[in-house]
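The values are calculated or read from the model by the stated rules, or taken from the named source; none is laboratory data. Predicted model only: the values in this text are computed from it and were never measured. Note that each Cβ is placed from the backbone with ideal geometry, even for glycine, and that neighbours are counted across all protein chains shown.
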Amino acid sequence: MSTLMVSVSGIRGLVGDGLDPNTIVKYASAYADFCGKGKIIIGSDGRITGDMVKHTLIGTLIAKGNDVVDIGICPTP
């Protein structure tokens, strides 16, 4: 059973168990289509899988024509 959770606050899951590069590309592409071309600011957490998620996300958003600003590791409320 996949650990991927989709809600109004975003998507959450365990990398390798529902959250993989294909899933990240799917959601990032949909988000880029929704926002249109422009600047998108992203941040990440300090987990070891954060770099894979971040680089997949950045690559997808740039491929969709967005200007991506990476603010690095940041806390969430």
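The table for this structure:
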| item | result |
| --- | --- |
| Residue within segment 47-57 that is more than 20 Å from LEU14 (Cβ to Cβ) and at pLDDT 95 or above present | no |
| Every pair of residues 6+ apart whose Cβ atoms lie under 6 Å, when the first sits in segment 22-45 and is surrounded by 14 or more Cβ atoms within 10 Å (Cβ to Cβ) while the second is in a loop (DSSP other than H, G, I, E, B) | ALA32/LYS64; ALA32/ASN66; ILE40/ASN66; GLY43/CYS74 |
| Segment 14-56: number of residues that are touching an Asp or Glu at 6+ places or on another chain (Cβ under 9 Å) and not in a helix (DSSP H, G or I) | 8 |
| Residues located in segment 3-40, provided they are of a type in the set (S, T, N, Q) and either closer than 24 Å to ASP67 by Cα or in contact with a Ser or Thr (Cβ under 7 Å, 6 or more places away or on another chain) (or both) | SER9, ASN22, THR23, SER29 |
| The lone exception for MET5 - which of (1) in contact with a strand residue (DSSP E or B) (Cβ under 6 Å, 6 or more places away or on another chain); (2) in contact (Cβ under 8 Å) with a residue 24 or more places away in the chain; (3) of a type in the set (A, V, I, L, M) it fails | (2) |
| Cβ pairs under 6 Å, 6+ apart, first in segment 50-63 and in contact (Cβ under 8 Å) with a residue 24 or more places away in the chain, second surrounded by fewer than 15 Cβ atoms within 10 Å (Cβ to Cβ) and not in a helix (DSSP H, G or I) | none |
| Residue within segment 3-13 that is surrounded by 11 or more Cβ atoms within 10 Å (Cβ to Cβ), of a type in the set (Ser, Thr, Tyr), within 23 Å of THR76 (Cα to Cα) and over 11 Å from the mean Cα position of the chain (by Cα) present | yes |
